[in-house]
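Notes for the one structure printed next.
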Amino acid sequence: MVPDGATFVGSVEVVLQPSDPDAIVMYALEIDGVEGPYRPYTAPITLTEAAVVRAYAYHEDALTGILARPFIPVAADAAAFTSNLPLIVLQSHEGAPTAVSEVRTPFLTIGRDPEGGVTSLVGEASAAARSGLRVRGSSSSGFPKKPYSLELWDPVGEGDNAVSLAGLPANADWVLYSSHYYDPITIRNAVIYELSNRIGVYAPRTRMVEVFLADRGAPVGMADYIGVYALTEAVGVGDERIDVAKIDPTDVAPPEVTGGYVFKRDRLGTGESGFSAGSGGGAFSVGQLVYVYPLEPDVVPEQRAYLTEVVNQFADALAGPGFVHPTTGLGYGEYIDVASWMDHHLLNMLAKNPDAFRLSGYVHKDREGKLIAGPIWDFDRAMGSTDSRSAQPTRWDASNITGDTTFMFEDGWYKGLFDDPAFRAEYWPRYRALLDGALSMEQILDAVELYAGDLEPAAARDYARWPQYPPRGGSFASERALLEAWLADRHAWTVACIDDPTLADPMDCR
C-alpha cells in the first residue's frame, strides 16, 4: 500500500495504492517524532522533509493493511554520492547517542543496495524501518568512531520488525560494528565468522556497508558520512540465527524448561546480576555467567535453577574421577556437544583471540539438548591487530606478551577438556583435517577476498573521515597484506606444530 520508503533531494511524491481497489485509505505524517492526524488519501503526498508516512486501508469495516515507511531528505552536497557497497542511512530529529546506554534514540533507517554494482545515496529504499539506535561496545565505545546497536521497530510501536538489510536474512536486531583502533581494516570479525560458517558452525553473517548518520532533523549531507561499518547479525535466537526453541515464563517443567537458552561468560551489563555455576567444586574459574536468552528479567526461578544445575552437572562431570559425574555416573559428553566445543576452541586458536572464552564466550542449549559452545564473537583484537597480544603469529596463546590474556588450554572448562586424553585425541585430528579443508590457506584467503576485494574505495573514504586511525603502511592494501601475511604465518606454524613428530602433544609447541 505504501512505497518502501526513499531518500530524496528537494521533494518526493508518495503514492498510496491499496491492493484492494475498493478500500478506503487513511494516512498520517509523523514528523520530528510527532504523529499528525489521519485524513483520507485523495492525491499523491508531497514531502520536503524527513517523515514517516503511516497509512491503513479498510473495506466494509475490515482493516486490510497498516504500514509505516520513512522518507529521508538528502542535501545537495551528497546527492551524487555513490558506492560499490550497500548504504545504510540513519536520520533522527534528536541528537545522536554518544555513550553506552540501554536507552535507544529513535531513528529512521533506510538501506540502499547496489544496482549494477553501484549504490546511489538517493532513490527508493531496498529496506526501510523506524528504529532505535544506541552506542554499544566496551573499550570501542570510547573511540571517536562509535559502534552501534540498531533495533528495527514495527510500524505502530517499539516491538520488533524483522527486515532484511544489505541482503542478509531478515531480523530486527543488528550491529554496526567498528573498532578501527584495533582493526584498521574492519574485516577481522567478518573473516573469522565466514570461516566458522564454512566449517558448518553458525556465526553471525556480515556485510560491509557505508553509513550516513544525520541527527537533529537535518537532511543527510556529506558531513554526516561516518564511514565503513561491518553490518552484523546481533547474537540472537531465530531460525536463521541461534536455532533453539522459544521459551516462555510459563515453561517451568520438563521438557519445556530444558530450553532453549543462550548465556555467555562476560562482564555484567547495566542492571544484570547474572548467575554463577560450573566451578566443578573449584576446579574451574569461569567467572560470571550472563543471561542472553531469555533476558535476565524474563528468566523465572525454575528456569534459573534448571540452567544452573545443568552447567553444574557438566562441570562436576568434567572435574570428576575419570571425567565422570560422581553422582549420576555420566561422562561430561552427556552434557555438552563435544564437537562444538572443539570447533569453538580451534577457531579462537587459529585467530589467536586474546579475549577468547572469558569475554563474549557464548553457550547455547536447545530443548532437551546438550550445551553447545558458540557462536564465536568479537575478534577485532585478534589476527595481528594493533593489540600487541595477538601481534605474533606463533605460540598458541598470547602469554608471551602479557598475563592479561586467555590461556588457551587452561581457561575455564577448557582446562578440564584438555586434561582429558580422549578429548585431545579427537581435537588435534579434527583441527589438522580442517587446516587442509575448510580452514586451508586457500579458503582463508578466499574469505579475506570476500570482504576486502571491493572495499578499497570505501576504505579510502573511511580513512579520510577518521584520520585518527591511519592504516599501518599507509593504505588499505598494506593493511590487507599484513592480515594475509599474519594468517599465512599462523596457519603454517599451526600445521608444523600438529605435525611435529618430536612432540608428545601439540600443546607443547612453543
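Placing +1 on the Cβ of every Lys and Arg and -1 on the Cβ of every Asp and Glu, with nothing else charged, gives the chain a dipole about its Cα centre of roughly 1260 debye. Of A464, Q443, S475, whose Cα points farthest to the positive end of the dipole of region 437-510 (charges on the beta-carbon: +1 Lys, Arg; -1 Asp, Glu; origin at the Cα centre)? Going by the charge dipole, the pick is A464. A convex hull fitted around the alpha carbon atoms of the chain yields 158 Å³ per residue.
Region 281-400 has equivalent-ellipsoid semi-axes of 29, 18, 12 Å, by the square roots of 5 times the alpha carbon gyration tensor eigenvalues, sorted largest first. Available extension along the chain between S276 and E35 is 82.1 nm, counting 0.36 nm per residue and deducting the alpha carbon span. Ordering Q392, F314, G331 by the projection of their Cα atoms onto the charge dipole of the chain, which places +1 on the Cβ of Lys and Arg and -1 on the Cβ of Asp and Glu, puts Q392 at the extreme positive end.
Shape summary of region 76-233, radius of gyration then Dmax from alpha carbon positions: 15.1, 47 Å.
Taking the radius of gyration and the Kirkwood hydrodynamic radius from Cα positions alone, what is the Rg/Rh ratio for region 223-332, to two decimal places?
A ratio of 1.09.
Starting from the Cα of E456, move 7 Å in the Cα-to-Cβ direction to define the label point; list residues of region 158-193 whose amide nitrogen is under 19 Å from there. What the label zone holds, given the 19 Å backbone N cut-off, is 184-188.
Give the shape of region 169-250 as rounded, prolate or oblate, defined through the alpha-carbon gyration tensor: a ≥ b ≥ c are the square roots of its eigenvalues, a/c under 1.5 means rounded, and otherwise the shape is prolate if a/b is larger than b/c and oblate if not. Oblate.
Under a model in which nothing but the beta-carbon of Lys, Arg (+1) and Asp, Glu (-1) is charged, region 227-350 shows a dipole of about 460 debye around its Cα centre. Protection proxy ranking for 34-46, 228-240, using the average of other Cβ atoms within 10 Å per residue and placing the highest first: 228-240, 34-46. The lysine pair tally for the chain, using Cα distances under 28 Å and a gap of 8 or more places or different chains, is 16. Calculated on the Cα set of region 6-73, radius of gyration then Dmax: 12.2, 39 Å. Near the amide H of G287, within less than 5 Å, lie no amide hydrogens of residues on another chain or at least 5 residues away, with H placed in the peptide plane. Overall, region 373-510 carries a charge dipole of about 340 debye about its Cα centre when +1 sits on the Cβ of Lys and Arg and -1 on the Cβ of Asp and Glu, all other atoms neutral. Of the three principal axes defined by the Cα atoms of region 229-292, the extents in descending order read 41, 37, 23 Å. First check a/c for region 384-510, with a ≥ b ≥ c the square roots of the eigenvalues of its C-alpha gyration tensor; if it is under 1.5, answer rounded, and if not, answer prolate when a/b is larger than b/c or oblate otherwise. Note, shape of region 384-510 comes out prolate.
Every number here is computed from the coordinates shown, using simple stated rules; none is lab data. Remember, predicted model here, so these are calculated numbers, not experimental data. Positions of Cβ are backbone-derived with ideal geometry, glycine not excepted, and every protein chain shown enters the neighbour counts.
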